[in-house]
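The values are calculated or read from the model by the stated rules, or taken from the named source; none is laboratory data. Every value quoted in this text rests on a predicted model; they were computed, and no experiment measured them. With ideal geometry, Cβ positions are generated from the backbone for all residues, glycine too; neighbour counts draw on all protein chains shown. Side chains included, ligands, DNA and RNA excluded: accessible areas come from the protein's heavy atoms. Shrake-Rupley method; radii C 1.70, N 1.55, O 1.52, S 1.80 Å.
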Amino acid sequence: MGTRLDWLGLGLGILPFWSGLGLAVWAGGMISVWVRRGRLLCRQRETWLWVGLTGLMVISSLQSPDPLGALLGLGNFVPFFAFFLAVRSQVTPAQRYQWVKIMGGTGMVVALVGLAQALGGQGTLTLLGLEMNWHSRIPGRVDSVFSDANVMASYCVMLLPVQLGLTLNAPSGSRLRWGWGVATGITFLALLLTRSLNGLGVVGLLGIGVSFRQRRYVLSAVIVLLGLGIVGAGLDWPGWRAVFPELLWGRLPKYLLGRAEDLRTVQWQLAWDWFEQRPWWGWGLRYFPTLYQQSTDSWVGHPHNFWVMLLVETGVWVTGLFTFLVGRVVVRGWHSWHKTGDWRYGGMWLAFVGVTCFHGLDVTLFDGRVNGLAWLLLAGLADDKLSSQSGKL
């Protein structure tokens, strides 16, 4: 592969800080791959499965009450399908390891910006069109280089497993292990400061999974007890709020006892009613906000669940095929990780599973950085024929 995929590393390093340029680098590299290898890619069954999915999404869009808006919504999906197909067939263990190192390093920088916000940093640094905000947009919640604290949280959910994988892969007691361990701790602290309950819950679930895999059952029990304690503090069980800091449970009452428009269950119930009206092809991408506003006089950009959004907006055919195509990569990735025991690959697998779980209570793929990183992770996992050298890199 040589230097053919260097554009991936370059774009990956730029992406968190300058999303437009990072995605442009990836787009240029992707087009180059399709120009050079398009005929070969078009002979692969995998390509035609994704082309079929694209066709189903177009059919869904054309049947929408707002077909133009639905077709524009394809921009969050179809270019990334092409990116995934261009990258997946050329991945090597060395390339994959390069990605995780870049992701781990840039993730620590993004987390440090978040810590600077929490320490009271003010102002904005602009350099060559790159804007670095040193103040959070929502008081009390850090968002670092992103426009929303929840987007920052989803980014941290992806980066934590990658950094953990690098930590566990490094020799025990080495400076490298200590360095990546510190990076992991900084990113976790930044996640806490986003005050994202969704992000904290997903990391807790991943922690339980990892501790079980490592046979650290006591650690699993501790994580479960901490989770119960946070819920208890949020529900104001007697004495619990004196034990757990408000940072962990402060936003929980809003989603357990708050207004109807704050409750995911209300959005999902309405979404189910709309799905029953048009189950096969949906209402078209980007149409959920219109339906919600017509029904409640309130604006919500999405139903805070990726699959609910897909079902309402694209119907069962698109949702089913999309889930199948992505799901089989995840299943094969699990078997590959189990076979090799490579924690760098395992970190990528956990990162993708983590951001997928995150999308069960929020949808942050509308940020190109989160969406692009997720598709890069999936492309890395799609290479299930790991080299025998993967454990020696």
> Hey, among GLY368, GLY301, GLY315, which residue is of a type in the set (Gly, Ala, Ser) and open to solvent by less than 10 Å² (accessible area, probe 1.4 Å)?
Replying inline: GLY315
> Just checking, how many residues over region 330-365 are open to solvent by 10 Å² or more (accessible area, probe 1.4 Å) and among the β-branched types (Val, Ile, Thr)?
Replying inline: 5
>> Checking ASN76 against (1) touching a Leu at 6+ places or on another chain (Cβ under 7 Å); (2) in contact (Cβ under 8 Å) with a residue 40 or more places away in the chain; (3) more than 14 Å from LEU373 (Cα to Cα); (4) not aliphatic (A, V, I, L, M), only one condition comes out false. Which one?
In response: (3)
